[in-house]
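The values are calculated or read from the model by the stated rules, or taken from the named source; none is laboratory data. Here the structure is a predicted model, which means the values were calculated and not measured. Cβ atoms come from the backbone with ideal geometry, glycine included; neighbour counts cover every protein chain shown. For accessibility, only protein heavy atoms count, side chains too; no ligands or nucleic acids. Shrake-Rupley method; radii C 1.70, N 1.55, O 1.52, S 1.80 Å.
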Amino acid sequence: MSHKIKINTNINECEIVQQGDIFKDVSYIFDIVQSEGAVELRTLTFPYVIVLSQSCDLFHAGRLNNCEIESESKVMFSVIVAPIFEKETILKGEHLKELLEQNLFHFKLDEQFVSKRDLDMAEKDMHYRFHIFDIENCDVNIPLSIIDFKNFFTLTVEKINSMKNNRIGRIGPLECQQIVNKFSAYLSRVGLPD
């Protein structure tokens with residue numbers, strides 16, 4: 001069972017970035033390697049990411065950057081985003097293929113990256129780490145997707161604001177709250193030894 005969500009694609013490019021915004025083709029500097037005077041930036045490009053940071057923080061950071069307010073307490077260094085992976089690629093671990101091709105990790109992909117038990121729980125919306133959803137009214141063809149909360153990362157406020165033309169839309173506040181609540185529950189879980 002996937003969760004159908006609607007996305008508002010009618011967003012003005014000048015509008016501030018908000019929680020629930022979905023961006024396409026997002027590059028992330030994964031590592032910086034320095035060798036013999038040369039610097040190599042290792043990047044990953046994600047087809048889609050969703051903004052998880054709070055809209056109020058993004059709003060005030062934007063106002064501060066535009067010199068509309070002078071409150072240093074509103075400074076924000078980075079924005080939390082999570083990649084959105086196509087369900088079929090994550091089930092087989094193919095979403096990690098770029099990492100393996102760059103020799104950043106050394107392991108063998110199994111046929112089943114996500115176990116059947118984990119998938120069943122995620123499809124019932126009961127999994128702590130995975131969130132499955134299907135965007136039903138999008139001009140951009142986003143397939144049935146999974147957010148894996150273990151793979152979140154940050155972008156600078158300046159970087160995400162410079163990518164507004166890559167924003168494809170925004171999910172509704174209720175769906176967004178559900179995703180953010182699951183993300184916060186994932187981060188606040190108590191880790192126990194195996």
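Checking each residue in segment 1-50 for being within 18 Å of ILE179 (Cβ to Cβ) and without any contact (Cβ under 8 Å) to a residue 60 or more places away in the chain picks out PHE46, PRO47, VAL49. For segment 1-35, the set of residues classified as open to solvent by 60 Å² or more (accessible area, probe 1.4 Å), touching a Phe, Trp or Tyr at 6+ places or on another chain (Cβ under 9 Å) and of a type in the set (A, V, I, L, M, F, W, C) consists of PHE30 only. Residue check: ILE171 meets all listed conditions (1) open to solvent by 20 Å² or more (accessible area, probe 1.4 Å); (2) modelled with pLDDT of 90 or more; (3) among the β-branched types (Val, Ile, Thr) but one, namely (1). Sub-7 Å Cβ pairs linking a first residue in segment 148-176 that is over 19 Å from MET76 (Cβ atoms) to a second residue that is modelled with pLDDT under 90 and of a type in the set (D, E, K, R), at least 6 apart or interchain, are ASP148/ARG129; PHE149/ARG129; LYS150/ARG129; ASN165/GLU13; GLY172/LYS6, ordered by first then second residue. Working only within segment 29-57, note down all residues that are over 17 Å from SER78 (Cβ atoms), touching an Asp or Glu at 6+ places or on another chain (Cβ under 9 Å) and hydrophobic (A, V, I, L, M, F, W, C). Selection gives VAL33, LEU41.
Filtered by the rule that a residue be part of a strand (DSSP E or B) and either at pLDDT below 90 or over 20 Å from GLY169 (Cα atoms) (or both), segment 1-26 gives LYS4, ILE5, ILE7, ASN8.
Taken together, the criteria place ILE32 among residues that are at pLDDT below 90, of a type in the set (Val, Ile, Thr) and in a strand (DSSP E or B).
Can you pull out the residues in segment 142-168 that are of a type in the set (Phe, Trp, Tyr) and open to solvent by 60 Å² or more (accessible area, probe 1.4 Å)?
Kept after step one, since they are of a type in the set (Phe, Trp, Tyr), are these residues of segment 142-168: 149, 152-153.
Hit for segment 142-168 is PHE152, nothing else.
The residue of segment 72-99 that is farthest from MET121 (Cα to Cα), among those that are at pLDDT below 70 and open to solvent by 40 Å² or more (accessible area, probe 1.4 Å), is GLU72. Only residues that are touching a residue at least 60 places away in the same chain (Cβ under 8 Å) and either farther than 14 Å from PRO83 by Cβ or among the acidic types (Asp, Glu) (or both) were counted across segment 179-193, and they come to 2.
Scanning segment 36-57 for residues that are open to solvent by 60 Å² or more (accessible area, probe 1.4 Å), over 18 Å from THR154 (Cβ atoms) and either of a type in the set (Phe, Trp, Tyr) or not in a loop (DSSP other than H, G, I, E, B) (or both) yields a count of 3.
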